[in-house]
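Below: the structure, in structure tokens.
The values are calculated or read from the model by the stated rules, or taken from the named source; none is laboratory data. If you're wondering where the values come from, they're calculated on a predicted model, not measured in any experiment. Virtual Cβ from ideal backbone geometry, glycine too; neighbours counted across all protein chains shown. Side chains included, ligands, DNA and RNA excluded: accessible areas come from the protein's heavy atoms. Shrake-Rupley method; radii C 1.70, N 1.55, O 1.52, S 1.80 Å.
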Amino acid sequence: MPTSAAPPLPEAAKPALLQVRDLVQEFHTGSGTVHAVSGVSFDVWPGETLGIVGETGSGKSTLARAILQAPPPRSGAVTFRGTDLVTLRGARLLQARRHLQMVFQDPFGSLDPKWRVRDLVAEPLIAYRTGDKAGRRRRVDEVLQLVGLAGYGTRRPRELSGGQAQRVAIARAVALNPALIICDEAVSSLDVLIQAQVLNLFERLRAELGLSYLFIAHDLALVKQVSDRVAVMYLGKLCEVGPGETVYRQPLHPYTRALLDSVPGTATARAARHVTSTIRGEPPSPVHPPSGCRFRTRCPRAEQRCAEEEPVMRELATGHSVACHLTLVPVARSTHRSEEKIGATPR
């Protein structure tokens, strides 16, 4: 963590791998403008896993696609390895995407059922004209071995289990040696045992290949297991960012607490029920988001100020930030305030 007095550690001196600043994504429909992502900012550091968590409709997947410029955001900057992807077009954007890969929720939906596993994993290598035929074959064998699917090259997706199919998707994602992998609900469709195996695989690949992850999910308890930091998203905005264990044990935002309350059987959920009420109703429409704090219409602690004034992200402890007028826990501000932007504390 950065300090104001001591010389910076080598890790802290490294530039962020991915910087997202004031990202806005909107879609114009017959009913009005959908405010899917509204002014989101965060960093992902080399070798880090940043978890993005929120319920369905919070804008997580739209955020992921905006980072990949598919489609490009309405405004804001997405700086990857020092280059703003928003300014790139054509071949330059294609080359930048080589180092940004994505693993989707439904592996069968992203794998051509007629192709064999070997051909599926080789597809990005062929698309980017990487090596010759023999070299690509060696690379395919190498990554299949890496994900525990050695000997599965001749099978087709319908001959695989859900966990095996997701391993194929992961093998295809790492084939080009990317720097960052975006996992969009990558384990949500798997049963609990297979989830654990795939999460362990992600962690092993991070250690062996030096990967960074943007890990998107709706289950805060699951995200905490694999993430160094967690960013909580609600209706297109970030409401809390902090170290995974800290956010899980001492959430500052009422919405973060509500997500924890929804996890059955956890000690945090049982304790929380004594101090907070269940949030009310359904999320508002992103076409007409509430004024002020977007969570106020469901928040059991909301006051008039919440409707009149939009809360800004503020750092209450080193690396732990929240956008809320009425935080759950009053946290003493660190005496050494980081010079990094909110939500951008390096590992």
Could you go through the range 186-195 and let me know if any residue there is assigned to a strand (DSSP E or B) and closer than 13 Å to Phe104 by Cβ.
no
Of the residues in the range 66-117, those that are among the β-branched types (Val, Ile, Thr) and farther than 24 Å from Gly236 by Cβ number 2
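Do you know which residues across the range 84-108 are over 20 Å from the mean Cα position of the chain (by Cα) and open to solvent by 50 Å² or more (accessible area, probe 1.4 Å)?
Restricting attention to the range 84-108, the residues satisfying the condition of being over 20 Å from the mean Cα position of the chain (by Cα) are 87-95, 108.
Those that are over 20 Å from the mean Cα position of the chain (by Cα) and open to solvent by 50 Å² or more (accessible area, probe 1.4 Å): Thr87, Arg89, Gly90, Ala91, Arg92, Leu94, Gln95, Phe108.
Conditions (1) buried (at least 20 other Cβ atoms within 10 Å of the Cβ); (2) in a helix (DSSP H, G or I); (3) touching a Lys or Arg at 6+ places or on another chain (Cβ under 7 Å); (4) at pLDDT 95 or above, marked per residue:
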| site | (1), (2), (3), (4) |
| --- | --- |
| Leu260 | yes, yes, no, no |
| Ala271 | no, yes, no, no |
| Ser277 | no, no, no, no |
| Gly281 | no, no, yes, no |
| Ser285 | no, no, no, no |
| Ala302 | no, no, yes, no |
| Pro311 | yes, no, no, yes |
| Leu326 | no, no, yes, no |
| Pro330 | no, no, no, no |
Considering each of Gly57, Gly51, Gly30 in turn, give the residue that is touching a strand residue (DSSP E or B) at 6+ places or on another chain (Cβ under 6 Å) and not hydrophobic (A, V, I, L, M, F, W, C).
Gly51
Which pairs do you get when a residue that is more than 24 Å from Glu245 (Cβ to Cβ), found in the range 294-318, comes within reach of a residue that is among the basic types (Lys, Arg) and part of a loop (DSSP other than H, G, I, E, B), reach meaning Cβ atoms under 6 angstrom, with the pair 6+ apart or on two chains?
Arg298/Arg280; Ala302/Arg296; Cys306/Arg296; Ala307/Arg296
Can you tell me which of (1) under 20 Å from Gln101 (Cβ atoms); (2) assigned to a helix (DSSP H, G or I); (3) open to solvent by less than 60 Å² (accessible area, probe 1.4 Å); (4) of a type outside the set (Val, Ile, Thr) is the one Glu203 doesn't meet?
(3)
Going by the conditions given, is Ala169 under 16 Å from Trp115 (Cβ atoms) and in contact with a Phe, Trp or Tyr (Cβ under 8 Å, 6 or more places away or on another chain)?
yes
When the range 24-46 is examined, which residues are found to be crowded, with 18+ Cβ neighbours inside 10 Å and assigned to a loop (DSSP other than H, G, I, E, B)?
Trp45, Pro46
Counted residues, the range 70-83 - those being among the aliphatic types (A, V, I, L, M) and open to solvent by less than 30 Å² (accessible area, probe 1.4 Å)
2
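Each row is one residue, and each column tells you yes or no for (1) over 22 Å from Leu18 (Cα atoms); (2) in contact with a helix residue (DSSP H, G or I) (Cβ under 8 Å, 6 or more places away or on another chain); (3) among the polar types (S, T, N, Q).
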residue: Ala169; (1), (2), (3): yes, yes, no
residue: Asn177; (1), (2), (3): no, yes, yes
residue: Ala207; (1), (2), (3): no, no, no
residue: Val230; (1), (2), (3): no, yes, no
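Which one of Leu235, Leu211 is farther than 17 Å from His253 by Cβ and either open to solvent by less than 10 Å² (accessible area, probe 1.4 Å) or under 13 Å from the mean Cα position of the chain (by Cα) (or both)?
Result: Leu211 is the single residue among Leu235, Leu211 that is farther than 17 Å from His253 by Cβ and either open to solvent by less than 10 Å² (accessible area, probe 1.4 Å) or under 13 Å from the mean Cα position of the chain (by Cα) (or both).
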All-but-one check, Thr79 against (1) at pLDDT 95 or above; (2) polar (S, T, N, Q); (3) assigned to a loop (DSSP other than H, G, I, E, B), failing number (3)
So, of the residues in the range 109-140 that are in contact with a Lys or Arg (Cβ under 8 Å, 6 or more places away or on another chain) and among the small types (Gly, Ala, Ser), which turns out to be most open to solvent (accessible area, probe 1.4 Å)?
Gly131
Among Gln166, Gln145, which is the only one that is assigned to a helix (DSSP H, G or I) and touching a residue at least 60 places away in the same chain (Cβ under 8 Å)?
Gln166
Test each condition in (1) within 19 Å of Ser61 (Cβ to Cβ); (2) at pLDDT below 95; (3) touching a Leu at 6+ places or on another chain (Cβ under 6 Å) for Gly162 and report the one that comes out false.
(1)
So which of Arg158, Arg129 is over 25 Å from Asn200 (Cα atoms) and over 25 Å from the mean Cα position of the chain (by Cα)?
Arg129
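Would it be correct to say that Glu55 is under 27 Å from Ala165 (Cα atoms) and either at pLDDT 95 or above or out of contact with any Cys (no Cβ under 9 Å at 6 or more places or on another chain) (or both)? Write out each step before concluding.
Details: under 27 Å from Ala165 (Cα atoms): yes; either at pLDDT 95 or above or out of contact with any Cys (no Cβ under 9 Å at 6 or more places or on another chain) (or both): yes.
Here the answer is yes, as Glu55 does meet what is asked.
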